[in-house]
Amino acid sequence: MPRLTRNAAYVLTASLALLATACTGSSDSGANDDPNAETTLTFWHGWSAPAEVKAVQENVDRFEKAHPNIKVKVVGNINDDKLNQALRAGGSNGPDVVSSFTTSNVGKFCSSGAFLDLKPFIEKAKLDLDATFPKPMLDYTQFEGTRCALPLLGDAYGLYYNKDAFEAAGIKAPPKTWSEFAETAKKLTKTKGGSYERLGFMPTYHGYESVVAHYMSQWDHAYFDADGKSNIAEDPAFAEMFTYQKKLVDDLGGFAKLEKYRNTFGDEWGAEHPFHTGQVAMQLDGEWRLGMAKDAGLDFEIGTAPLPVADDEADEYGKGFLSGTIIGIAPQSEKQNAAWELVKYMTTDTEAVVAFSNAIHNVPSTFEALKSPDLKTDPAFKTFLDIAQHPESNTAPNSVNGATYELTLQDFGYQYESGKAKDLKAGLEKTAEQIDRDIEQAK
């Protein structure tokens with residue numbers, strides 16, 4: 001699943017602030033149950049589409065077959081707000097195993113104790129995390145040494161392109177650097193009477209998935225310095241990205257014209273997505289777009305490729321932004337050892353991970369599953385499997401106040417791309433100061 005929208009992330013960050021006041025740090029108090037005893041676990045997850053719900057249940061059925069003493073009550077369509085309310089309330093009616101699509105808030109989950117520290121369970125199981133999961137997925141499931149979650153399938157972001165439009169424009173291959181990308185986007189853009197007939201690419205930060213964090217993944221960068229202070233005004237990669245994106249906005253018609261065109265786009269999750277309808281010829285998106293495009297019945301052939309990289313980092317082409325679903329244990333659970341058996345099974349059993357990936361078309365989250373001959377793949381999907389395994393693929397670092405620093409930087413991006421903020425250097429410095437203040441207040 002993709003990461004949360006901007007508004008949803010704001011709501012979640014606020015609810016997590018309340019949660020922090022109701023949870024203490026991780027505890028071993030509930031981990032005295034016998035995992036071999038007859039018991040029933042409650043597992044909460046956020047999937048709601050019938051095919052996804054069915055896939056979760058099938059995985060649970062396989063778990064129950066392997067662990068006949070453990071029954072699992074599965075509750076779907078649980079959003080993060082409902083989850084946080086239950087974790088605050090505690091009690092026997094709450095979940096034992098919990099999952100979330102919100103990787104950007106793992107810092108809050110771990111530091112507040114909302115999710116249980118898994119270290120004792122991992123050590124007891126002698127689970128070699130580095131040999132099991134890609135590094136970015138390990139990064140987004142821990143915070144400052146506390147591992148309160150494990151990855152449960154992943155998302156990899158890449159480039160979708162209209163092969164028919166490429167051929168008509170005489171473009172032989174997808175661009176590998178941002179300079180090539182700008183030229184390709186301009187070449188694919190068609191206008192008539194001052195209006196777009198087709199846009200090569202929607203570059204604005206309000207464009208679907210074209211957010212600051214996804215752009216930044218294609219530059220070598222560091223959001224924070226060694227002391228945990230915001231690094232966005234010191235690391236030249238940020239100024240380079242903002243400068244590049246602003247020029248692309250200007251070269252493709254300017255912010256006002258692009259915004260007017262963007263307002264004609266259909267819903268991101270429906271058949272009328274602008275890439276489906278041919279309104280844009282290239283789209284930054286995750287692996288799930290393949291299934292959605294197929295369901296929409298497109299009249300053109302889709303190509304997929306990694307996103308371009310900075311011109312002076314061409315040797316890192318193939319990398320991308322990684323995110324995904326996380327799973328952990330509720331600290332109030334009185335069945336934590338049994339809960340760990342379910343978490344371990346769903347995240348590390350190759351058959352379980354592959355079957356789940358095949359069913360919901362997300363990227364497998366273990367090395368063994370990524371290499372499994374049972375994994376259903378094709379050239380288009382393989383692009384995302386390769387991105388997930390690329391050594392330079394990355395994710396946004398976790399923070400004690402969740403996604404707040406990303407949202408603050410994104411807000412500056414809106415100001416800069418629209419021309420309301422003129423001074424990039426001063427704007428990044430001011431934004432860095434705000435990020436540092438927010439983090440300090442959250443501690």
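The values are calculated or read from the model by the stated rules, or taken from the named source; none is laboratory data. What you see is a predicted model, and the numbers here were worked out from it, not measured in a lab. Heads up, the Cβs are rebuilt from the backbone with ideal geometry, glycines too, and the neighbour counts pull from every protein chain shown. Areas reflect the complete protein model, heavy atoms only, side chains present, ligands, DNA and RNA absent. Shrake-Rupley method; radii C 1.70, N 1.55, O 1.52, S 1.80 Å.
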Over the alpha carbons of the chain, what is the largest minus smallest coordinate on each principal axis, giving the biggest first in Å? 72, 47, 37
Heavy-atom accessible area of the chain with neighbours in place, 1.4 angstrom probe: carbon+sulfur share in percent works out to 49
Show me 381-389, 243-251, 318-326 ranked by packing, highest mean number of other Cβ atoms within 10 Å first. 318-326, 381-389, 243-251
Within-12-Å neighbourhood charge of residue 276 [Cβ basis; K, R +1; D, E -1]: -4
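Relative contact order (percent) for the chain, with alpha-carbon contacts under 8 angstrom and 6 or more residues of separation?
Details: 819 pairs, mean separation 121.1, N = 443.
The normalised contact order for the chain reaches 27 percent.
So with the 1.4 Å probe, I'd like the accessible area per residue for region 212-369, rounded to whole Å². Mind showing how you got there, number by number?
Working: 5550 Å² over 158 residues.
I get 35 Å² per residue for this part.
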Sequence ranges 161-167, 351-357, 65-71, ranked by mean other-Cβ count within 10 angstrom, highest first: 351-357, 161-167, 65-71
For the chain, built as a Gaussian network whose Cα springs stay under 10 Å, the top-fluctuating residue of 31, 51, 222: 51
Extended-chain gain in nm, criterion 0.36 nm per residue less alpha-carbon gap, residue 131 and residue 314: 63.1 nm
Pairs 126/335; 135/382; 176/260; 73/294; 247/425; 135/344: which are spaced more than 25 Å apart, C-alpha to C-alpha? 176/260; 73/294
Give me the accessible area per residue for region 36-117, probe 1.4 Å, as a whole number in Å². 40
How large is log10 I(q)/I(0) at q = 0.18, 0.21 Å⁻¹ when the Debye formula is applied to the Cα atoms of region 36-154, each weighted equally and without solvent? -1.15, -1.47
Where the Cα pairs of region 369-443 fall when distances are cut into 5 Å bins, in %: 3, 13, 16, 13, 11, 11, 11, 10, 8, 4, 1
